[in-house]
Amino acid sequence: VVDAAISFDQKRCDKLLRIAPGTDPGQWWSTLVEPALHRIAERTFLASPGEMPEVVFSNATLAALREYTQQSEAALVAGGGPPPNHPSRMRRIVLIFAAPGEQVPLAAHALAAALGAQGAMARIVTGSATMHRSLELVAMVRPAAVAVVTTQPRPDLDVVRTVHEANPDLPIFVGLQNDAAATGLPLAATVQRVRSFTGLLHEALAVVR
């Protein structure tokens, strides 16, 4: 898959990253996608205009997650289950944020798909997520938990502090590998620093279940 990305072969990359039915998207992310992403990030390229291995890989990853989720939702509804927007499913939703000013990481999409595969509902906050807008979303959606996914070594954690102050009982899980960055988190039982993707998934599932 790394070779496909660095040779700008979108079709091959799409095929190699497709998630087979019955596959756990969390496992897919941890064992295939994340290691490949790190390998690509370590490489140096001389690319022509319009060529970006990271974009080829990102497009394939998002397409795989979108196809997997659509097929899973269709199977659930076909089996008599409620549609995604049904109130019974929206009641225990996890809202996933990126750090302010950061493009939503691929890991956020993988986390949402992995939660969905376990019967939970998750939505990713994209677009303009100002502090005011973030508070509005939390008040409107009333999530069971909030997860913050970031690839930045020292992310801006203002959104965590603001959401926590307005909703002190809301569980907030923040994915941070950098110990120094974690010192900026509020000291509260409902705000937890998590070091890994798997940890974020397990903590969020523990709340929504």
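The values are calculated or read from the model by the stated rules, or taken from the named source; none is laboratory data. Treat the numbers as computed from the prediction; the structure is a model and nothing was measured. Every residue, glycine among them, receives a Cβ derived from its backbone with ideal geometry; neighbour counts consider all protein chains shown. To get the accessible areas, we keep the full protein, side chains included, count just its heavy atoms, and leave off ligands, DNA and RNA. Shrake-Rupley method; radii C 1.70, N 1.55, O 1.52, S 1.80 Å.
Look at segment 114-136: where a residue is part of a loop (DSSP other than H, G, I, E, B) and a partner is open to solvent by 70 Å² or more (accessible area, probe 1.4 Å), sitting 6+ places away or on another chain with Cβ atoms under 8 Å, you get Ala120/Arg92; Ala120/Arg209.
Would you be able to say whether some residue in segment 74-83 is open to solvent by 70 Å² or more (accessible area, probe 1.4 Å), within 19 Å of Val159 (Cα to Cα) and in a helix (DSSP H, G or I)? No: segment 74-83 contains no residue that is open to solvent by 70 Å² or more (accessible area, probe 1.4 Å), within 19 Å of Val159 (Cα to Cα) and in a helix (DSSP H, G or I). Restricting the first member to segment 64-88 and to residues that are under 22 Å from Arg142 (Cβ atoms) and without any contact (Cβ under 8 Å) to a residue 40 or more places away in the chain, and the second to residues that are surrounded by fewer than 12 Cβ atoms within 10 Å (Cβ to Cβ) and among the hydroxyl-bearing types (Ser, Thr, Tyr), the beta-carbon pairs closer than 6 Å and six or more apart or on different chains are Pro82/Ser88. Filtering segment 141-165 to residues that are surrounded by fewer than 21 Cβ atoms within 10 Å (Cβ to Cβ) and either β-branched (Val, Ile, Thr) or part of a helix (DSSP H, G or I) (or both) leaves Val141, Thr151, Asp158, Arg161, Thr162, His164, Glu165. Just checking, does segment 51-63 include any residue being at pLDDT 90 or above, among the β-branched types (Val, Ile, Thr) and surrounded by 14 or more Cβ atoms within 10 Å (Cβ to Cβ)? So far as segment 51-63 goes, yes, one or more of its residues are at pLDDT 90 or above, among the β-branched types (Val, Ile, Thr) and surrounded by 14 or more Cβ atoms within 10 Å (Cβ to Cβ). Reported count of residues in segment 89-101, each being surrounded by fewer than 20 Cβ atoms within 10 Å (Cβ to Cβ) and modelled with pLDDT of 90 or more, is 1.
Considering only segment 103-140, how many residues are open to solvent by 50 Å² or more (accessible area, probe 1.4 Å) and of a type outside the set (Val, Ile, Thr)? I'd like the intermediate steps shown before the answer.
Within segment 103-140, the subset open to solvent by 50 Å² or more (accessible area, probe 1.4 Å) is 103, 109, 118-119, 123, 126-128, 130-133, 135-136, 139-140.
Then drop every residue that is not of a type outside the set (Val, Ile, Thr), which leaves 103, 109, 118-119, 123, 127-128, 131-133, 135-136, 139-140.
Selection size over segment 103-140: 14.
Scanning segment 67-82 for residues that are more than 12 Å from Asp14 (Cα to Cα) and under 17 Å from the mean Cα position of the chain (by Cα) turns up Tyr68, Thr69, Gln70.
Here is a yes/no grid of residues against (1) out of contact with any Ser or Thr (no Cβ under 9 Å at 6 or more places or on another chain); (2) assigned to a helix (DSSP H, G or I); (3) among the β-branched types (Val, Ile, Thr); (4) closer than 19 Å to Ala120 by Cα:
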residue	(1), (2), (3), (4)
Arg12	yes, yes, no, no
Pro21	no, no, no, yes
Val33	no, yes, yes, no
Ala41	yes, yes, no, no
Glu51	yes, no, no, no
Glu54	yes, yes, no, no
Ser58	yes, yes, no, no
Glu67	yes, yes, no, yes
Asn85	yes, no, no, yes
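Tallying residues that are more than 14 Å from the chain's Cα centre (by Cα), touching a residue at least 60 places away in the same chain (Cβ under 8 Å) and part of a helix (DSSP H, G or I) within segment 166-209 yields 2. Within segment 52-68, the set of residues being β-branched (Val, Ile, Thr) and closer than 13 Å to Val1 by Cβ comprises Val56, Thr61.
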